[in-house]
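The values are calculated or read from the model by the stated rules, or taken from the named source; none is laboratory data. Note that the structure is a prediction, hence the values are computed from the model and not measured. Note: ideal-geometry Cβ built from the backbone for every residue, glycine included; neighbour counts use all protein chains shown. Quick note on the areas: whole protein, heavy atoms, side chains included, nothing else; ligands and nucleic acids left out. Shrake-Rupley method; radii C 1.70, N 1.55, O 1.52, S 1.80 Å.
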Amino acid sequence: TPAEYKQYSVIKSVVKLALFAILIYLLWGFFAVIEWSAVFDGIANLSVRAWVGLILVTVMWVVSESLVLASVLPGLRIGNAIQAFLAPTAAASIIPGPADLVARFAMYDSWGFTKEQTSVSITASFFFVTGAKISLPIFGAIALWWYGRLGSEVPDLTAVALIAAAVLIGTVIVLTSVLRSAELAGAIGRWIGATAHRLAGPFRIQVEQDLAEALATTLVNFQTSAGQLIKKVWWKAAAAALFAQFMQFLILLTALRGVGITSEILNTAEIFAAFSLVQIITAIPISPGGLGIAEAAYITFLVVESDPEMAELVTAGTLIYRLFSWILIIPAGGIVWLWWSRNQTSDSRPPPNTNRQ
């Protein structure tokens, strides 16, 4: 009900604020020992070549993220996909929650897509992007094994990679089963609901009595509406989602190399291992754009993997990475939103190969 949803939203906001306050308290001492003049020197001494490289890699990342959206919504032009990535991402970077969904629904509607098409595409993109993030520790563990460093990193990526592999395999099995038939989708929904009831009982957690049937109906509807689409585009969407993650990593790698973190200090596999862990940690939006959490996690992991004396350069590289992968997206997305708002009337024709219902 609306009252229950409002209560849930208030509780969720309070929990997020509490976690964020605890995080700031714990990190205050860490950031206090950083020699910030050395950090700013590292940023100021970044070469023109490094700045150009960062701009090019960031553009490639934005395009790759847009390809994910285009792959799960047939008929979406790449130009419109770029807009649909920048503006909603900017909104989510300021206001965690459904702000990005509201923006994307509005933009897709102006381009002639139905609410059902939008809902299916958003759900599908969420699955593929989340799956790509979950798979990153697996690639990170493989890279460390190749360099002979697996098991020597702190934190050890082996356990995270094994858990990620198990979650990814389980998700693929469930999703494949759901897409096979409506009957199987309903059976899986009822099983998940019944399992939730059994697990909640000993802890006296209230679960809706009709949860099993509600989940069954949800999965059947998903199978009916999204099944054919995902079967057709899964390989393109999965490849685009993985490519987007690697492009985002390349921004971090370029930033660290630009401030002087050479491969002798931190090799590519070690940087990727840290990146894969932070992507998992920040998957749950506790703060806008992972503010504070991402920076602290990157600095901590990378300093541990290199040398405490490199803390200032690592901090400089991390801040540059966050500048390109988060901060600059906010004004860029704001400009895109204003441009779209002023031109949506002339740009509202349905895209090709799209049947408006």
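Side notes on the structure shown:
- Pairs meeting the criteria (first residue in segment 118-137 and under 16 Å from Phe246 (Cβ atoms), second residue open to solvent by 10 Å² or more (accessible area, probe 1.4 Å) and not in a helix (DSSP H, G or I), beta carbons under 6 Å, at least 6 apart or on different chains) are Lys133/Ala283.
- Of the residues making up segment 246-278, those that are under 10 Å from Leu136 (Cα atoms), among the aromatic types (Phe, Trp, Tyr) and open to solvent by 10 Å² or more (accessible area, probe 1.4 Å) number 2.
- Selection from segment 39-74 of residues that are touching a helix residue (DSSP H, G or I) at 6+ places or on another chain (Cβ under 7 Å), farther than 18 Å from Val129 by Cβ and among the hydrophobic types (A, V, I, L, M, F, W, C): Val39, Ile43, Leu46, Ala50, Leu54, Val57
- Condition check for Pro98: open to solvent by 10 Å² or more (accessible area, probe 1.4 Å) and modelled with pLDDT of 85 or more: no
- Pairs where the first residue, in segment 254-268, is under 12 Å from Val314 (Cα atoms) and the second is among the acidic types (Asp, Glu), C-beta under 8 Å, 6+ apart: Ile265/Asp307; Leu266/Glu305
- Screening the candidates Ala81, Ala103, Ala50 for the property of being open to solvent by less than 70 Å² (accessible area, probe 1.4 Å), within 16 Å of Trp340 (Cβ to Cβ), in contact (Cβ under 8 Å) with a residue 60 or more places away in the chain and assigned to a helix (DSSP H, G or I) yields one hit, Ala103.
- Of all the listed residues (Ile142, Ile138), the sole one being at pLDDT 80 or above and open to solvent by less than 60 Å² (accessible area, probe 1.4 Å) is Ile138.
- Taking each residue of segment 319-339 that is in contact (Cβ under 8 Å) with a residue 12 or more places away in the chain and looking for partners that are open to solvent by 70 Å² or more (accessible area, probe 1.4 Å) and part of a helix (DSSP H, G or I) with beta-carbon atoms closer than 7 Å, six or more apart or interchain, yields Ile330/Ile94.
- For segment 106-135, taking the residues that are open to solvent by less than 20 Å² (accessible area, probe 1.4 Å) and polar (S, T, N, Q), the one that is nearest to the chain's Cα centre (by Cα) is identified as Ser125.
- Test set (1) modelled with pLDDT of 70 or more; (2) of a type in the set (Asp, Glu); (3) over 30 Å from Trp337 (Cβ atoms) - Glu116 fails condition number: (3)
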